[in-house]
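J.: Let me give you the structure first, and then I'll get to my questions.
The values are calculated or read from the model by the stated rules, or taken from the named source; none is laboratory data. Every value quoted in this text rests on a predicted model; they were computed, and no experiment measured them. Note that each Cβ is placed from the backbone with ideal geometry, even for glycine, and that neighbours are counted across all protein chains shown.
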Amino acid sequence: MLLVPLIVGADLVVVASKGGDDRDPDWFKNLIVNPSVRVTMGGRGVEMLARVATPEEHAQWWPRAVARYPHYASYQRRAGRSIPLVVCTPRTVGP
């Protein structure tokens, strides 16, 4: 699946919009059960951990998501749910 994330420092923020559907996308449900993900950026695979953005993070990053892809605003109005943002953080390698 191809998603276009926001980049916040070393983290990626992905919008779980499902095109404004009133249900979360299946991939979001899968991340709740198994937060280990592999993201390909620039042809390179990166192991990451996914989590749902906190309300504070959501408030900060949602406007950036809408600025990048204005359709998110109409998706939010149509969805009848708060569209989750997923934060993917690179896994740290132990010593």
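J.: Name the single residue that is surrounded by the fewest Cβ atoms within 10 Å (Cβ to Cβ) among those in segment 28-59 being assigned to a helix (DSSP H, G or I) and in contact with a strand residue (DSSP E or B) (Cβ under 9 Å, 6 or more places away or on another chain).
T.: Ile32
J.: Just wondering, is there one or more residues in segment 14-22 that are of a type outside the set (D, E, K, R), in a helix (DSSP H, G or I) and in contact (Cβ under 8 Å) with a residue 12 or more places away in the chain?
T.: So far as segment 14-22 goes, yes, one or more of its residues are of a type outside the set (D, E, K, R), in a helix (DSSP H, G or I) and in contact (Cβ under 8 Å) with a residue 12 or more places away in the chain.
J.: If Val86 satisfies every condition in (1) more than 12 Å from Ala16 (Cα to Cα); (2) at pLDDT 95 or above; (3) not acidic (Asp, Glu) but one, which is the exception?
T.: All conditions pass for Val86, except number (1).
J.: Give the residue that is farthest from the chain's Cα centre (by Cα), with candidates limited to residues of segment 38-59 that are closer than 17 Å to Asp24 by Cβ and touching a residue at least 24 places away in the same chain (Cβ under 8 Å).
T.: His58
J.: Still on this structure, please answer the following. Among the residues of segment 60-95, write down those that are among the aliphatic types (A, V, I, L, M), in contact (Cβ under 8 Å) with a residue 40 or more places away in the chain and in a helix (DSSP H, G or I).
T.: Ala65, Ala79
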